[in-house]
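Structure record follows, encoded as C-alpha cells.
Here, each number is a calculation from the coordinates, and none is a lab measurement. It should be emphasised that the depicted structure is a prediction, and the values quoted were computed from it without experimental measurement. Cβ placement follows ideal geometry from the backbone for every residue including glycine, while neighbour counts extend to all protein chains displayed.
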Amino acid sequence: MSLITTNTTTKEPNTKVASYYGQSLKPNIGKLTFGNYEFKPWFGNPAYFYPTEGKYDMLGYNYSNMVTMDPNKRTRSKNYNKNDCYVDHLYICEYCFKYSIEENEIIQHWSKCKYNTDKPNIGRLVYHDEKKRIMIREIQGYKDLLFSQNLSLFGKLFLDDKSVYYNLDHFNFYIYYGIDGRTSNYIPMGFFSKEMIAYDLTTNLACICVFPPFQNRHIGSLLIEFSYELANKSQFCSGPEIPLSPYGRIVYLKYWSKKLASIIWEEQRNGKLNFSLDKLSQISSFRKEDILYTLEHMNVLVTTSNDEIILSGNIFNKWLKDNNANTNKNLLDTKSIRL
C-alpha cells in the first residue's frame, strides 16, 4: 500500500507567535465551584486579578470597585509577581461564567441570571440533536462581550497557552450545551473558539476546551467534527491553530487517527491500495501536514530501500485491530446542523 509523501514536513509546525500575557507557572486558585461541581484548575490565570497593582488575594473587579469608591486605597506593587496572586476558592455561575470569591454572591446571582433558562437563548443555534439533547450555540464576541470574556477567563484555567481574554471582537465561540442529569436545564460543558479575521485561512479553530466534569463523553471529538463542518462551507482543507496544547494534541490525534483509519480502511476494502496525501486530504478535509503528522503518530509509515515513505498495509491492519477503529462513526448528526 503506497502513499506519496514528497516535500511535506512530518513535524507539527510552530507558526503561533508566543504570548506570555496571563501565564502562570502554577495554579493560583485553590478550587472551583461550577454549578453542582467542585474541582481544581489545571493552570493559573493572573488575568482574574488586577495587573501590576492591587492585593494578591483580591480579584481584579473587586479591587477596581474598591479604588473607585476610595482612590486612597490604591495599592501599587513595586515587585509585582503574577505567581503570587492567589485565592482559595472561586465560585462560577454555570450559565454565564460570572465569578466571585463569595459563595452567597453567586447563589443570589444564579437565581436571577438571565441565562438560567430551560434552553439557552444566547447567540445563534447552529446545532441541535433533540434525541441526544445536545446543542451548539454560536456566540459572537463583539455582541456578547462580557459573556465571552468570562468564558475565556474560565477556559484559561484548563488551557496552558491561552492568552486572549478581553479583545474578543473578532472571535466567535461555539459552545456545547448538554444535560448532565442533575438539572433539566442545558448547561455549557465545553467550547471552541474561532478567529473570524485570521491570517491563515485554513485555521478552523483557535482553542478548544471541555470542562473537567464533562470529559470522557466524546464532547471534544464532536466539537472538532463540527469545526470541520463549519469550515467546509469555505471549501478549504483546514485544521486547528498550531502549535497544539498538550490536551489539544491528545484530542486531535485521537480524532484524526480514527477518521483517517476509517477512510483508508474503506479505500482498502474497495480495492484502492495506492493513494496520495492529496486524495486523503480531499476526502477528509484535513490539511496534508496534519494527515502526515497523524500517520507518523500511528506508526504505520515505513521507508523503503528507495527512500520512499509508504503506508504499511500489515502495520495498518494491526493498528485497526488494536484500536477497534475500522469503521467511521460520525458523532454529528448532519440533519441537526443549522448553519
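Only the Cβ atoms of Lys and Arg (+1) and of Asp and Glu (-1) were treated as charged; on that basis the dipole of the chain about its Cα centre amounts to roughly 420 debye.
Which pairs, out of K98/K156; K31/K194; K26/K143; K194/K233, put more than 23 Å between their alpha-carbon atoms? Listed pairs above 23 Å: K31/K194; K26/K143. Relative to the longest principal axis of the Cα atoms of the chain, the long axis of helix 219-231 makes an angle of roughly 70 degrees.
Taking chymotrypsin sites (Phe, Trp or Tyr not before Pro) that fall in a DSSP loop and have at most 10 other Cβ atoms within 10 Å as cut points, what is the longest piece of the chain between them? The partial results should precede the final answer.
Values: sites that count: Y20, Y199.
Longest site-free region, per DSSP loop and neighbour criteria: 21-198.
Look at the alpha carbon pairs under 8 Å that are at least 6 residues apart: their mean separation over the length of region 141-252 gives a relative contact order of 22 percent.
Taking the Cβ-Cβ separation of D160 and I107 as r and a Förster radius of 35 Å, what is the calculated FRET efficiency to the nearest 0.05? It comes out at approximately 0.65. Over the chain, Cα pairs under 8 Å with separation of 6+ residues give a relative contact order of 19 percent. Set the Förster distance to 56 Å, then compute FRET efficiency between K131 and V67 from the Cβ-Cβ distance, nearest 0.05. Approximately 0.60, to the nearest 0.05.
Are there GluC sites (Glu not before Pro) in region 109-217 that DSSP puts in a loop and that have at most 16 other Cβ atoms within 10 Å, and which ones? Listed in order of number, the matching sites are E130. Mean residue ellipticity, 222 nm, helices only, the chain: the sum of -39500 (n - 2.57) across DSSP H runs of n ≥ 4, divided by residue count and rounded to 500, is -9000 deg cm²/dmol.
Within straight-line reach of K288, meaning a Cα separation under 13 Å, sit the following aspartates and glutamates at least 8 residues removed in sequence or on another chain: E12, D278, E296.
By how many degrees, 0 to 90 and rounded to 10, does the Cα axis of helix 313-323 deviate from the longest principal axis of the chain? Between helix and principal axis, roughly 40 degrees.
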